[in-house]
Amino acid sequence: MTYPVFDGHNDFLLRLLRAPEQREQIWLKGDGEGHLDLPRMRKAGFAGGFFAIYIPSPEAHDSPDFETMMDAPPYDLPLPDLIGHEAAQPVALAMAGHLLWMERAAKGALKVCRTAAEVRACVANGTIAAIMHMEGAEAIDPELDALYSFHAMGLRSIGPVWSRPTIFGHGVPFRYPGTPDTGPGLTDAGKRLVRACNALGIMLDMSHLNEAGFNDVAAISTAPIIATHSNAHAVTPGARNLTDRQLAMIAESDGLVGLNFATVFLRPDGRKSADMTLEPMLRHLDHLISKLGENRVGFGSDYDGATTPKDIGGVEGLPVFLAALEAHGFNAALMRKLTHENWLAAIDRSLVARPG
C-alpha cells in the first residue's frame, strides 16, 4: 500500500540560495544532487511539508573539521555568533522569493499554503503543499515588524532559534553526549514573539530551542507545542534530542514531534555516518509513540540539511522507509497517521490565531 507523506522539515531552499542561476535545473528537472526535487517528490509520494528559511553562518559550520568531529564522539562544537536582522533579512527575503518562484514554476504541482484548509485540499488532490517556515528568527527585528511582513508573504511556522543564539533565545549546541539544559530561557523579545505568533496563527517550532526556552514557550503559548524535526533523548542522548519530560509536555499540549532522519540524532552512538541500518529509526519511533501516543508523531526528515541513513538517502528512499515500518508491525491505520494524518491534524490545531 502507498501513503502520501507530509514532512515536517526540509532545507531545499538553501540549495536554491546557493545556486540561484541553476534553480530551474535543481527544482524542475533535478540535478542528481541533494535529497529533493519536483520529479522525485512526485514519484515518491511526497505530499508536502515545511520549507525552511535558514540564514547560513558566515563561517563554515559544515566544514570538514566539523564533519570529522561529529563522526567521532564525544564532541561539543562551538556555536556560531548571533546574526542581526539587518544582515539576515535580505537572505530570508531571497529564500521566501525562491519558494514563491517554485510555486509559479511548478505550474500547479506545488502550492504555498496559508491555511490548514489549503493544506488538506492539496493533500487530497495531489498538489504538493508547501508551508513557509523559518528555522531561526534572525530575520525578525525586535519590534516584530518583519514578522508581520513575512506572515503576509505566507510565513506560518517559525523556530525562535537555530542552535546559535538570537535576540529571542538560545539554542542547543551540537553536543554528544549532552542534554538540552544548556542556558537561559527566552528574552523579553522572545516572549513577545511567542505572543505575536499565537495572535497571528504562526506555529512555533521547538526543535532547536534549549530546555529553558522550551519551558518558557510552554508556559506562555496558547498553542500546541510542536517539534518539527526532533528525536528522543532516551534513545540517542545528544543535546538536540527531546527528553521524556519534554515529550510529556508536548503530549499534554496536544502537540506533535516529527522524526528527524539525520543520522547524528538517530544513532545511539551519536555518530554522523550514514552507514547504519534503519533499526534506530524504529527505536525512536517506538519511543516517541510510547510517550506521545499514536496521534502525535509524524516525520520531519531534515532533507537537504542533514546526512540520512544510506538505505534512505533522499526522498526517493521514502518507500524503503515505509516498507520497514510495515515490516516492523505498524498497521495501515497507524501508517496513515504517521505519514500524513497526524501532521494535518496538528496543522489544524496550530494555524489558528489565539490572542493571549
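The values are calculated or read from the model by the stated rules, or taken from the named source; none is laboratory data. The structure presented is a predicted model; accordingly, all values stated were derived computationally and were not measured. Glycine also receives a Cβ, built like all others from the backbone with ideal geometry; neighbour counts cover every protein chain displayed. Just so you know, the surface numbers come from the protein's heavy atoms only, side chains and all, with ligands and any DNA or RNA stripped out. Shrake-Rupley method; radii C 1.70, N 1.55, O 1.52, S 1.80 Å.
Points worth noting:
For (1) out of contact with any strand residue (DSSP E or B) (no Cβ under 6 Å at 6 or more places or on another chain); (2) small (Gly, Ala, Ser); (3) in a helix (DSSP H, G or I); (4) under 20 Å from residue 193 (Cα atoms), each residue gets a yes or a no:
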{"residue": "119", "(1), (2), (3), (4)": "no, no, yes, no"}
{"residue": "132", "(1), (2), (3), (4)": "no, no, no, yes"}
{"residue": "139", "(1), (2), (3), (4)": "yes, yes, no, yes"}
{"residue": "142", "(1), (2), (3), (4)": "yes, no, no, yes"}
{"residue": "147", "(1), (2), (3), (4)": "yes, no, yes, yes"}
{"residue": "151", "(1), (2), (3), (4)": "yes, no, yes, yes"}
{"residue": "156", "(1), (2), (3), (4)": "no, no, no, yes"}
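- If the condition is being modelled with pLDDT of 95 or more and open to solvent by 70 Å² or more (accessible area, probe 1.4 Å), then the range 1-33 contributes 18, 21, 22, 24, 25, 29.
- Qualifying residue in the range 117-140 (condition: more than 20 Å from residue 41 (Cβ to Cβ), open to solvent by 10 Å² or more (accessible area, probe 1.4 Å), touching a helix residue (DSSP H, G or I) at 6+ places or on another chain (Cβ under 6 Å) and not basic (Lys, Arg)): no
- For the range 95-109, the criterion of a residue being under 19 Å from residue 13 (Cβ atoms) and among the acidic types (Asp, Glu) is satisfied by at least one position.
- Every test in (1) more than 22 Å from residue 224 (Cα to Cα); (2) surrounded by fewer than 24 Cβ atoms within 10 Å (Cβ to Cβ) is passed by residue 176 save one, and that test is (2).
- Identification of helices (runs of 4 or more DSSP H) wholly contained in the range 237-356 with 1 or more residues that are more than 20 Å from the chain's Cα centre (by Cα) and on the phi > 0 side of the Ramachandran plot yields no element.
Let's see how each residue does on (1) within 27 Å of residue 159 (Cα to Cα); (2) in a strand (DSSP E or B); (3) acidic (Asp, Glu):
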position	(1), (2), (3)
6	yes, yes, no
17	yes, no, no
22	no, no, no
41	yes, no, no
79	yes, no, no
83	yes, no, no
93	yes, no, no
102	yes, no, no
105	no, no, no
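- Selection status of residue 204, over 19 Å from the mean Cα position of the chain (by Cα) and closer than 27 Å to residue 116 by Cβ: no
- Of the numbered criteria (1) open to solvent by less than 50 Å² (accessible area, probe 1.4 Å); (2) acidic (Asp, Glu); (3) within 19 Å of residue 250 (Cβ to Cβ), the one residue 348 fails is (1).
- For the range 156-166, the criterion of being within 18 Å of the chain's Cα centre (by Cα) and open to solvent by 30 Å² or more (accessible area, probe 1.4 Å) is satisfied by at least one residue.
- Looking across 256, 266, 186, one residue alone is over 20 Å from residue 70 (Cα atoms), touching a residue at least 24 places away in the same chain (Cβ under 8 Å) and out of contact with any Asp or Glu (no Cβ under 6 Å at 6 or more places or on another chain). It is 256.
- Scanning the range 201-214 for residues that are in a helix (DSSP H, G or I) and crowded, with 19+ Cβ neighbours inside 10 Å gives 211, 213, 214.
- Count of the range 19-43 residues which are out of contact with any Gly (no Cβ under 8 Å at 6 or more places or on another chain) and in contact (Cβ under 8 Å) with a residue 24 or more places away in the chain: 8
- Residues of the range 129-163 that are touching a Ser or Thr at 6+ places or on another chain (Cβ under 8 Å) and at positive phi: 136 alone.
- Residue 187 polar (S, T, N, Q), surrounded by fewer than 20 Cβ atoms within 10 Å (Cβ to Cβ), farther than 30 Å from residue 271 by Cα and touching a Gly at 6+ places or on another chain (Cβ under 7 Å): yes
- Apart from one condition, residue 341 fits all of (1) free of Cβ contacts under 8 Å to residues at least 12 places away in the same chain; (2) farther than 18 Å from residue 46 by Cα; (3) open to solvent by 50 Å² or more (accessible area, probe 1.4 Å); the exception is (2).
- Within the range 217-236, being open to solvent by less than 40 Å² (accessible area, probe 1.4 Å) and part of a loop (DSSP other than H, G, I, E, B) holds for 221, 223, 224, 225, 228, 229, 230, 231, 233, 235, 236.
- Being of a type outside the set (D, E, K, R) and surrounded by fewer than 20 Cβ atoms within 10 Å (Cβ to Cβ) is a property that holds for residue 320.
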